[in-house]
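Just so it is clear, none of the values below were taken in a lab; they were calculated from the coordinates. Fair warning: this is a prediction, and the values are worked out from it, not measured in the lab. Every residue, glycine as well, gets a Cβ built from its backbone with ideal geometry; the counts of neighbours run over all protein chains shown.
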């Protein structure tokens, strides 16, 4: 019995050994990300053992991806005595060189930040930057953090042109790329515009509006969406054009030739008559109204939709002392 137990135990140990061997079999990875300039055996192969740190290929450029054929990998590794690699049926391994991408938007923000608070500029978020030509994304080492630092900066307020050179300390990659930029920079402010076409007389809602950034020197543009909402278009409005007070009017609640109710008010007396509007207007506007009964045009104030009000006519009472006696 003791021998049987021992034999069984030895068999189990052998099975465990086989399993362990299976879990440590060198095997290709389908895709890898490297942070350095070289690709090592351990980057491409799981369980590479003592040769994991041996470099065999040059890494792709920063921020780019390349494919390495499986045959090339196996040939490069063979001389390092790593055999029995499980290729997992892969024809190639995808290799990406990790990087930190500094986008054109990041660069624009860095220019604005460099100009903010000087040369008459205000906050960085109000500065619009336009580069001369296309600006490409800068790829630097993934481990590097922090903002771009200004090496040189000049700005001409008369032409709005800037010339700036940036650096990122400890980045060897940046030193090999063009980090000098030129262009123009102007300060901008919010301007309200319609988000879609609005026709004449249409009442504008907040949902009809959007905000544009316009040069600060452009005067007359409206900046408060809430102040615009509730007004009507004086003429057809189109997107992309900042609104001014001349583009808007009070909503017309009475149109020309509309039939309206004329309310005549005097102390202790209120009369209503029918009339015809001779003009269009909004609440509070004074328009001419044709009295349907007398056929006379009176001036009335629009007090609501299809409703106008006429106040008492002030007449001069002649003092009896001024009358000549017969």
With a point put 7 Å past each Cα toward its Cβ, work out how far residue 213 is from residue 161 in nm, to one decimal. 2.2 nm
Under the definition of Cα pairs under 8 Å and six or more residues apart, what whole-number percent is the relative contact order of the range 259-310? 35 percent
Over the alpha-carbon set of the range 106-218, divide Rg by the Kirkwood Rh and report the Rg/Rh ratio to two decimals. 1.12
Distance between the range 21-72 and the range 91-133 - C-alpha centres, whole angstrom: 33 Å
From the C-alpha gyration tensor of the range 61-163, square roots of 5λ in Å: 48, 12, 11
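Ignoring everything except DSSP H segments at least 4 long, calculate the 222 nm mean residue ellipticity for the chain; use -39,500 (n - 2.57) per segment, divide by total residues, nearest 500.
That comes out to -5000 deg cm²/dmol.
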Taking the convex hull of the alpha-carbon atoms of the chain and averaging its shadow over every direction gives an area in square nanometres of 42.6 nm²
What's the extension gain from residue 175 to residue 190 if we count 0.36 nm per residue and subtract their Cα-Cα distance? 1.6 nm
Find the centroid of the Cα atoms in the range 183-225 and in the range 231-270, then give the distance between the two in whole Å. 22 Å
On the first, second and third principal axes, largest extent first, how far apart are the outermost C-alpha atoms of the range 50-119 in Å? 67, 24, 14
Calculate how steeply helix 104-115 sits against the longest principal axis of the alpha-carbon atoms of the chain, using the helix alpha-carbon long axis, and give the answer as 0 to 90 degrees to the nearest 10. 60 degrees
Return one number: the angle in degrees, 0 to 90 and rounded to the nearest 10, between the long axis of the Cα atoms of helix 2-23 and the longest principal axis of the Cα atoms of the chain. 50 degrees
